1. Take every Cα pair under 8 Å in chain A that's 6+ residues apart, average their separations, divide by the length, and report that relative contact order as a whole percent.
2. I'd like the carbon and sulfur percentage of the solvent accessible area for the protein assembly as shown, probe radius 1.4 Å, heavy atoms only, ligands and nucleic acids excluded.
3. Using a 1.4 Å probe, what is the accessible area per residue for segment B:2-55, in Å²?
4. Tell me, how many Å apart are the Cα centres for segment A:112-159 and for segment A:171-234?
5. How compact is segment A:1-41 by the rule of thumb for globular proteins, expressed as Cα Rg over 2.2 N^0.38 Å?
6. Restricting things to alpha carbons, find the Rg to Rh ratio for the protein assembly as shown using the Kirkwood radius for Rh.
7. Could you list, bin by bin from short to long, the percent of Cα-Cα pairs of segment B:67-143 in 10 Å steps?
8. Tell me, what is the Rg over Rh of chain B, with Rh the Kirkwood radius over Cα pairs?
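The values are calculated or read from the model by the stated rules, or taken from the named source; none is laboratory data. Since the model is a prediction, treat every value here as computed from it, not as a measurement. Cβ sites come from the backbone with ideal geometry, for glycine too, and all protein chains shown count toward neighbours. With ligands, DNA and RNA removed, areas are computed over all heavy atoms of the protein, side chains included. Shrake-Rupley method; radii C 1.70, N 1.55, O 1.52, S 1.80 Å.
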Amino acid sequence: MTATYKKRTDGRAFDEPRPMEAKLGVVPRADGSAMFKAGKSVAIAAVHGPRQLNPAFMRNPKKGVLRVNYNMMAFSGSGERVRPGPSRRSKEINLVIEKAFAPVVDLSEVPNTAVDVYIELLQTDAGTRCAAINATALALADAGISMKDIISAMAMGKVHDKICVDLTKEEEDMEAVDIPVAMMGNSGKVTLLQMDGIISREEIKEILKKAREATLKVKEVQEKAIREKYGGQNE
Amino acid sequence: MGLLVSEKDIVIPGQIIADGMDYLPAMNTYRGENNIISTRVGLIRVVGRSIKVIPLSGRYIPKAGDTVIGRITAMSTASWFVDIGYASEAGISLKDATSEFIERGADLSQYFDFDELVVAKITNVTKTRLIDLTVKGPGLRKLVGGRIVKITSTKVPRVIGKQGSMISVIKNATNTRIIVGQNGWVWISGESPEEIQRAADAIQMIEREAHTEGLTDKVEKFLGGKKNDSNIQEEN
């Protein structure tokens, strides 16, 4: 890596996330739903349940099961049509999102049931699994699912020689390492950490430090969205 | 130190409600390292030293003692299965269904048939959420006719009102009979379909505006206004 990255392609500061937007209750027929937008990436999450879990062998008599279904819409990409249906990649993302929420979601009150999360990506410009996690956290809160903490995620990474927050697809396609991070709001404990690329020990420490700052910014947006829907109910 | 929010404040999951050990975590809260944290979106209620969060959203979770409305979905040789809007079905055993003598091999559909509605009380909920219902008791019975309106179970107290004030307003204004189940199923029956529709509209309005004040007045206006003139659109 010889080149240095002087200025980000969209003019942002290196530790500045894209403009974020969140809204609850976008899918009225679901038990809980939310939209989360980070720049051009838009995710919608809908939560159904706790509801009956079939096939019965998947049931857990001790607690409910959280099931995540991530899907990129055919028209969501910036170039080629995205091939619809499940893929190796979406299966991986379902798994890591389920694991990201496992430490905070408490389904012990609803044994033998399923809580299904359906995530649709309407438009994608990198950082979709993080947008999906942020939308899911809001949708679960909207559905009244018991959670110990809010989960916020941010697509961290390194472009050429610079550590960046919230990479776009354009940046990801340069010589880049992308590291999605999800953290708990209060403790900053990491619930998702993936890496595509090679990076040094010092740099990963730096990235985690910056991820904490960035996820707190995400949390602010999430909190505002919840209060927008439920605020004013005490007047 | 102490309480960080006040009574009736809105809290979100993960929000720190109180610092230190002065308070005790109750419903929908837990103790963190040295604080109390909410797990649901809801309203703060402080009773003595215990803090609880009254949830504002979420599906109905059955608990013993609740009176619910359900629909018969299946029958076996000794029991009925009832959909009460929860993930698993509730059961009515023969002895809880009727005080009549049931002969061996009798046709159970003469007591409750498929798709019939019952208002029943939950007698027991096991750890794995097997639900037992009884139809024996005051006010518990099969419901004939009428229609069902489903609302969020967290809004049921608003629909009933203080000592049933809200529900009596609707009943009197529309001349209907209404039963509200704790699971959010509301049964409305009356002479004219128009009156039933008005009662259903009023209940759905309460669900929508459950968080506002002076709701009883609004409902009175809503029901009174619709009878006389059609300017109801502006009032909402």
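1. 23
2. 50
3. So segment B:2-55 comes to 43 Å² accessible per residue, rounded to a whole number.
4. 12
5. 1.84
6. Radius of gyration relative to Kirkwood radius: 1.04.
7. With 10 Å bins starting at 0, P(r) equals 20, 58, 21, 1.
8. 1.05
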